[in-house]
1. Considering only region 71-109, how many residues are under 18 Å from residue 148 (Cβ atoms) and modelled with pLDDT under 90?
2. Look at residue 54 and say whether it is surrounded by 18 or more Cβ atoms within 10 Å (Cβ to Cβ), modelled with pLDDT of 90 or more and under 30 Å from residue 131 (Cα atoms).
3. In this structure, does residue 178 turn out to be farther than 24 Å from residue 108 by Cβ, free of Cβ contacts under 8 Å to residues at least 12 places away in the same chain and part of a loop (DSSP other than H, G, I, E, B)?
4. Quick check, is residue 253 within 22 Å of residue 152 (Cβ to Cβ) and in contact (Cβ under 8 Å) with a residue 60 or more places away in the chain?
5. Which of (1) assigned to a helix (DSSP H, G or I); (2) under 18 Å from residue 257 (Cα atoms); (3) touching a residue at least 60 places away in the same chain (Cβ under 8 Å) is the odd one out, the single condition residue 116 does not satisfy?
6. Would you confirm, using the coordinates I've provided, whether residue 129 is assigned by the TED database to the domain that holds residue 278, in contact with a helix residue (DSSP H, G or I) (Cβ under 8 Å, 6 or more places away or on another chain) and either over 30 Å from residue 13 (Cα atoms) or exposed (fewer than 12 other Cβ atoms within 10 Å of the Cβ) (or both)?
7. Between 271, 277, which is under 30 Å from residue 144 (Cβ atoms) and surrounded by fewer than 13 Cβ atoms within 10 Å (Cβ to Cβ)?
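The values are calculated or read from the model by the stated rules, or taken from the named source; none is laboratory data. Predicted, not measured: the structure shown is a model, and the values here were computed from it. Note that we place each Cβ from the backbone using ideal geometry, even for glycine, and neighbour counts take in every protein chain shown.
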């Protein structure tokens, strides 16, 4: 399509509204512009087509045959556009919200609270997508990502939600009579880590503690890391929420904890306006943190 051969959309909208409402003033009110701006657009169209679009006689206004043809085409075209927009918006409104989040956050933070959200908002359906991969929100059609890091993801806007509260734990049987005063006292320990371990690696790096060269055993999920630690197989970095019950019942002991500074879980969204139901979900997330 050669847009250079088509008048401006503003002029076409102004003429369609004038023809439909039979008034420059009414068209101006509908489009939130002045009477003079509407009249100027119509004159511009008349110059473009080199013929009159509107016949004026005092206060009376009538469309010329050319004006009637253009008004009919524009009205049908704008109604088709409106129908397409409404259909797409209805499809968007009906589909579940797609939430990409880390498995650790899903297990330790969201799932224990999610029942409260559905009790308050049974009309909002969620499609949870746990995973370590940093998804492309636009390409993958994801409404919200909940990610662990420092809040900087190029091309998106992010808002801090909550800290991770990672702690280092092990069973009493594994620790025995060791005197643990810092992470350096655990360099000779067996470390139980998740295979895709971005969160714990970031946290350890902020404590100036490197895991790469230690004796480690990998597990595919944080749940298996937790079970291995409880079984006495080694030391693990887990979120406080996951192990809190085991700490209270002395199945695990806390060896080390530290604040995570700027690291935490962030709400990552596209920069354009968000759907109303996403705004509701985000408001709930921030209220129950």
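1. Just the residues of region 71-109 that are under 18 Å from residue 148 (Cβ atoms), to begin with: 99-109.
Narrowing the set further to residues that are modelled with pLDDT under 90 leaves 102-109.
Residues meeting the conditions: 8.
2. Numbers: surrounded by 18 or more Cβ atoms within 10 Å (Cβ to Cβ): yes; modelled with pLDDT of 90 or more: yes; under 30 Å from residue 131 (Cα atoms): no.
When the stated conditions are applied, residue 54 does not pass them.
3. Details: farther than 24 Å from residue 108 by Cβ: yes; free of Cβ contacts under 8 Å to residues at least 12 places away in the same chain: yes; part of a loop (DSSP other than H, G, I, E, B): yes.
Yes: the conditions hold for residue 178.
4. Values: within 22 Å of residue 152 (Cβ to Cβ): no; in contact (Cβ under 8 Å) with a residue 60 or more places away in the chain: yes.
Spelling it out, it is not the case that residue 253 is within 22 Å of residue 152 (Cβ to Cβ) and in contact (Cβ under 8 Å) with a residue 60 or more places away in the chain.
5. (2)
6. Numbers: assigned by the TED database to the domain that holds residue 278: yes; in contact with a helix residue (DSSP H, G or I) (Cβ under 8 Å, 6 or more places away or on another chain): no; either over 30 Å from residue 13 (Cα atoms) or exposed (fewer than 12 other Cβ atoms within 10 Å of the Cβ) (or both): yes.
No, not satisfied.
7. Working: 277 fails: surrounded by fewer than 13 Cβ atoms within 10 Å (Cβ to Cβ).
Going through 271, 277 in turn, just one is under 30 Å from residue 144 (Cβ atoms) and surrounded by fewer than 13 Cβ atoms within 10 Å (Cβ to Cβ): 271.
For (1) within 15 Å of residue 69 (Cα to Cα); (2) modelled with pLDDT of 95 or more; (3) within 37 Å of the chain's Cα centre (by Cα); (4) surrounded by fewer than 13 Cβ atoms within 10 Å (Cβ to Cβ), each residue gets a yes or a no:
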{"position": "3", "(1), (2), (3), (4)": "no, no, yes, yes"}
{"position": "9", "(1), (2), (3), (4)": "no, no, yes, yes"}
{"position": "15", "(1), (2), (3), (4)": "yes, no, no, no"}
{"position": "20", "(1), (2), (3), (4)": "yes, no, no, no"}
{"position": "27", "(1), (2), (3), (4)": "no, no, no, no"}
{"position": "38", "(1), (2), (3), (4)": "no, no, no, no"}
